[in-house]
Every structure is written in structure tokens, then in C-alpha cells.
1. What net charge is computed for the residues neighbouring residue 132, neighbours being all others with C-beta under 10 Å from the C-beta of residue 132, Lys and Arg scored +1, Asp and Glu -1?
2. With Cβ to Cβ distances under 13 Å as the rule, what net charge do the other residues near residue 101 carry (K, R +1; D, E -1)?
3. Whole number please: convex hull volume per residue, Cα atoms of the range 108-205, in Å³.
4. So how do 197, 357 rank on accessible area, 1.4 Å probe, biggest first, that is with the largest at the start?
5. Show 276, 347 ordered by accessible area, largest first, where the area counts protein heavy atoms only and the probe is 1.4 Å.
6. Using only the alpha-carbon atoms, what does the chain span along each of its principal axes? Please give whole angstrom values in decreasing order.
7. Suppose every K and R has +1 on its Cβ and every D and E has -1 on its Cβ; what is the size of the dipole of the range 164-238 about the Cα centre, in Debye to the nearest 20?
8. Just the number please: accessible area per residue for the range 157-262, 1.4 Å probe, all protein chains included, in Å².
Amino acid sequence: MGIGVSVFGLGYVGCVSAACFAKEEFDVIGVDVSPGKVKRINDGQATILEAGIQELVEEMVAAGRLRATTDVRDAVRTSAISLVCVGTPSRSNGSIDLQYIERVCEQIGAAIKDKAERHVVVIRSTVLPGTIHDVVVPALERTSGKRYGPDFGVASNPEFLREGSSVRDFHEPPFTLIGADHDETHQAVAALYTGIDAPVHLVAVRVAETIKYACNAFHGVKVAFANEIGLFCKALGVDSHEVMRLFCEDRKLNISPAYLRPGFAFGGSCLPKDLRAITYRARQLDVDLPLLSGTLESNTRLIARVADSVLSSGARRVGILGVTFKAGTDDLRESPMITLAERLHGRGLQLAIYDRDVQEANVVGANREYVEREIPHLWSLMRPDMASVLADAEVIIIGNGTRAFRDVEGMLRPGQRVVDLVRAFANRASGDGYDGIAW
């Protein structure tokens with residue numbers, strides 16, 4: 001293809017990226033402060049131990065599509081895109097050290113100062129959201145004297161390479177993510193992946209910066225979850241591997257996108273009860289399950305966060321749309337909306353509630369017992385329709401995903417505030433009287 005690509009940092013990510021992009025027929029030049037690493041690449045030797053990487057580096061160097069240098073200006077001058085793959089080590093307090101990122105960006109900025117062509121800098125290193133705008137762009141502008149956007153572009157292109165299978169992961173990723181502020185930059189980076197058979201997602205910079213952390217946090221949660229279930233099972237003499245094998249057979253809820261959309265607290269007759277039961281039994285067995293115990297605490301804190309948000313607004317009249325724990329049911333048992341309503345009512349706020357699925361005459365059995373125990377005055381707060389709830393409310397809380405609640409946006413009066421717990425207003429961001437609790 002002939003497009004020049006420079007790769008800064010020839011450690012794990014950089015070595016694999018350099019060799020694999022060369023395999024995709026780009027002209028790649030690796031850059032590193034270590035003369036030893038540079039020499040190894042130029043001698044056809046990989047800088048890391050990884051299945052398939054040694055053969056690939058040797059092949060690409062022999063083909064003339066991969067070389068290395070310590071000369072930053074040479075690398076930038078002979079490339080259109082620079083990939084930054086330097087380390088972001090962790091400090092003792094948990095923060096990440098960005099000195100290598102900043103230093104490389106300053107060097108690239110100085111190198112593009114006299115370059116006529118627009119250059120694109122791509123951050124492959126794992127960095128927290130805000131790093132590109134707060135560290136990378138200022139370093140490039142400061143040393144180049146050029147303007148972000150018209151003169152150079154910056155993108156976030158996180159890698160998802162697992163040690164031990166990184167070459168295969170490069171060519172068979174779940175997706176490719178490119179975060180940029182300018183379409184020209186999006187397209188320039190996307191051109192690197194035309195030979196990779198995987199979806200390419202063009203997103204905002206901060207989305208791309210965040211996704212690696214979301215992925216790795218979830219991976220950590222999965223490991224901890226499996227281990228806690230294992231500890232619980234072992235204490236009871238249950239085959240934990242058989243339990244988790246069957247657990248993974250459920251691709252509808254367990255191994256799926258289900259429940260992975262930011263929103264409000266969970267509730268209903270099963271989840272809270274069963275989490276309490278397993279953590280209680282674990283305590284009896286002297287088994288510590290901090291992840292599962294913390295899940296209940298996290299759920300409780302989310303309800304408190306919403307209550308505090310409403311109380312801090314100073315509003316006295318609150319309308320609630322939807323009190324069941326999810327749309328399409330009349331089940332009020334352990335609904336977080338009931339807990340929220342009782343908390344606000346207990347602080348003296350005037351509540352008006354509408355839920356088409358909840359009618360006093362139809363709520364029976366354990367469902368009715370729960371209401372009479374937790375919020376016996378619920379029926380006096382219920383209204384017959386949305387309009388009567390909206391008429392007098394200063395704050396409207398949308399509590400479940402009933403389709404009709406999407407129409408509320410066009411029914412609001414000036415000054416009315418909405419606290420949306422389910423993102424009923426599609427793709428709207430928080431602000432201007434609208435508060436999405438987790439977006």
C-alpha cells in the first residue's frame with residue numbers, strides 16, 4: 001500500500017503492532033530509545049517472546065517493509081501516521097504515569113514542526129479518558145506550533161492484544177475502535193484496517209479512551225465472580241466447574257448483552273433476595289464474598305444517589321412515572337422505585353405517581369403484602385394518567401421503560417426537570433434540565 005507508519009515503543013504492543021501492520025503491506029518504521037531493541041528489529045529479531053512473532057518480524061524485515069531507528073525525525077518524516085505504543089505504568093497510588101506518552105508526543109510535535117503534510121498521531125497505549133485532550137494535544141501543539149485539527153490529527157485506537165495470542169488477536173479482533181474529533185483523522189486511521197475482517201467503529205475520543213478500561217474491569221469482575229462462586233461451591237461440596245459450565249450455557253442472559261446497559265438499580269422478587277441468601281449462607285460458612293456483597297451495597301447506593309439528586313434540587317413536588325422494577329409487569333416487590341419513593345416521601349416531598357400496570361384492585365398476594373408493608377400510602381399517591389402527574393411536578397422521575405414515557409419530552413413545561421433512570425429520551429445527554437443518572 002505504501003503508506004508509511006511509524007510505531008513509537010518497541011515493547012509488547014509496539015513490536016506486535018509494527019510487525020502486523022507490515023504484514024498488512026504498510027511500510028513500517030519502529031522507534032525506540034533503546035539501541036538494543038532497534039538493533040534486534042533491524043537484525044530480524046523480535047523484542048518479545050510470543051508465538052509467531054519471531055517468524056513474522058524476520059519475514060517483514062527481509063521483505064523491506066519493517067525497520068527500526070532511534071531517530072524520531074527520520075521516522076516522522078517518512079510516515080503519515082505515528083502509533084504511540086509506549087508504556088503507561090501504574091504509580092503506587094493507582095494513577096498512571098504519563099511521562100512517556102507526553103515525552104514521545106513532544107518529540108513527534110517537534111518533528112512535524114517543519115513538515116508540510118498533515119500528520120496523524122494515534123494513541124495505542126492504554127490511557128484514561130481525557131488524556132488526549134489534556135496531555136497529548138497540548139504537547140503536540142506546544143512543540144510543533146501547529147493547530148490540532150487543521151494541521152495534525154490525533155486518534156485513540158486501543159489495542160486488545162492478549163499475551164500469548166497477540167498476533168492472532170491483531171488479525172482477528174472482535175472490532176476495531178477509532179476515536180477522533182475530525183472525520184479526516186477517522187478515515188486516515190480506518191485505512192490501516194482495510195485488510196482486517198472485523199467491524200470498525202468510529203467514535204468520540206473519550207469513548208475510545210474509556211472502552212479498554214470497561215473491558216478490563218469486566219474481565220476482572222468475571223474472574224472474581226467465578227472464583228467467589230467457586231469458593232461458595234467448595235464450602236458446600238458442590239462441583240464449581242460443573243456449575244459454571246452450565247452457567248455459561250445460558251447465552252440469553254448470562255453470556256450476553258443482557259443487563260449491561262447503564263441505568264438504575266436492580267429489583268424484583270429474585271435478584272435482591274437471592275444475593276442476600278447466598279451472601280448470608282457464605283457468612284455462615286465463613287466464606288468471604290466481597291464482590292457479591294458489594295453488589296448489594298452498590299445497588300443501595302445508586303438509589304441513595306438518585307434521592308440525593310432530587311433532594312438537592314430544592315424541588316418539593318415530584319412526579320414519578322413507573323414504579324414497578326421493569327415495564328410490562330405489576331410486580332412491586334423489591335422495586336428500587338418503591339424504595340426511592342418512600343425515601344422521598346419520608347423527607348416531606350409531595351409525590352404524584354403514575355404506572356399503567358399498577359392498579360389497586362389488581363395487586364394481590366405477596367405483591368400486595370409488600371406494598372402494605374413498605375409503602376402503605378402508595379394508593380393515595382397514584383394518579384390516573386401521565387398528564388395529572390406532569391401538571392404540578394417540578395421534577396419528573398422516569399422509573400421504567402414503558403414506551404409511553406418517551407413522549408414526556410414533548411409534554412414538559414419550561415423549568416420542569418427530568419431525572420431519567422432508563423434513558424427514555426433516546427441518546428440525549430445530561431444537561432439543560434435533563435439528568436440521566438448514569439449518562
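The values are calculated or read from the model by the stated rules, or taken from the named source; none is laboratory data. Everything numeric here is computed off the predicted structure, so don't read it as measured data. All Cβ positions, even for glycine, are placed from backbone atoms using ideal geometry, and neighbour counts span all protein chains on display. Only protein heavy atoms, including side chains, enter the accessible area calculation; ligands, DNA and RNA are left aside. Shrake-Rupley method; radii C 1.70, N 1.55, O 1.52, S 1.80 Å.
1. Net of charged neighbours comes to -2.
2. -3
3. Here the figure is 106 Å³ per residue.
4. Result of the area sort, largest leading: 197, 357.
5. Per-residue accessible area, sorted high to low, gives 347, 276.
6. Here the spans come out as 81, 61, 39 Å, largest first.
7. Approximately 460 debye in magnitude.
8. In whole numbers, the range 157-262 has 61 Å² accessible per residue.
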